[in-house]
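Here's the structure we're looking at; comments come further down.
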């Protein structure tokens, strides 16, 4: 007989294993959650992990991470676009909202692209929501997000592949050079 007790609880560990198994498409799925503020930082970890595991595919993983991040960011932007400034005021303090508005007025495109390169705990969700609430043009928003996230995930993918290569080289050297015996 079927019951809720028979369903295995999903943990972060099993979810991450599933996303690793999916590879690039897993990065796209994770991007939806990461840019909604549900799992901040998980995209960075998975991008590095996948690029280290399959060094020849590091650029593919960087692209897939960027696609996922942009899709997730766009959904967050759309929520605020429909909800307006009231959406921001419900979730963040007035001081934080005023600061983000001032940055948008001063920097425009850069107010999205530059923070998109920052790692957590930078509150990127606030930037995404502010862009929507301020009715920032969709094409400019997507362009800025692609530039910022593209740079970020390209760097992370490259570093993941390079670090894995360096570790492999160190391991090969350690196996070739015998340890000296004392005594």
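The values are calculated or read from the model by the stated rules, or taken from the named source; none is laboratory data. Treat the numbers as computed from the prediction; the structure is a model and nothing was measured. Note: ideal-geometry Cβ built from the backbone for every residue, glycine included; neighbour counts use all protein chains shown.
Some observations on this one:
- Residues in the range 57-93 that are modelled with pLDDT under 85 and part of a helix (DSSP H, G or I): 83, 85, 86, 87, 88, 89, 90, 91.
- Residues of the range 94-102 include at least one that is over 30 Å from residue 169 (Cα atoms), surrounded by 17 or more Cβ atoms within 10 Å (Cβ to Cβ) and at pLDDT below 85.
- Wholly within the range 1-56, helices (runs of 4 or more DSSP H) carrying at least 1 residues that are at pLDDT below 80: 12-22
- Among residues of the range 108-139, those that are more than 14 Å from the chain's Cα centre (by Cα), surrounded by 14 or more Cβ atoms within 10 Å (Cβ to Cβ) and part of a helix (DSSP H, G or I), counted: 11
- Filter pass, residue 73 being surrounded by 18 or more Cβ atoms within 10 Å (Cβ to Cβ), closer than 22 Å to residue 47 by Cα, touching a residue at least 40 places away in the same chain (Cβ under 8 Å) and within 20 Å of the chain's Cα centre (by Cα): yes
- Unmet requirement for residue 156, which otherwise passes all of (1) surrounded by fewer than 16 Cβ atoms within 10 Å (Cβ to Cβ); (2) under 26 Å from residue 58 (Cα atoms): (1)
- Near pairs, Cβ below 9 angstrom, 6+ apart or cross-chain, from the range 107-120 (touching a residue at least 40 places away in the same chain (Cβ under 8 Å) and at negative phi) to any residue that is in a loop (DSSP other than H, G, I, E, B) and exposed (fewer than 14 other Cβ atoms within 10 Å of the Cβ): 119/41; 120/41
- The lone criterion from (1) over 28 Å from residue 161 (Cβ atoms); (2) in contact with a helix residue (DSSP H, G or I) (Cβ under 7 Å, 6 or more places away or on another chain) left unmet by residue 52 is number (1).
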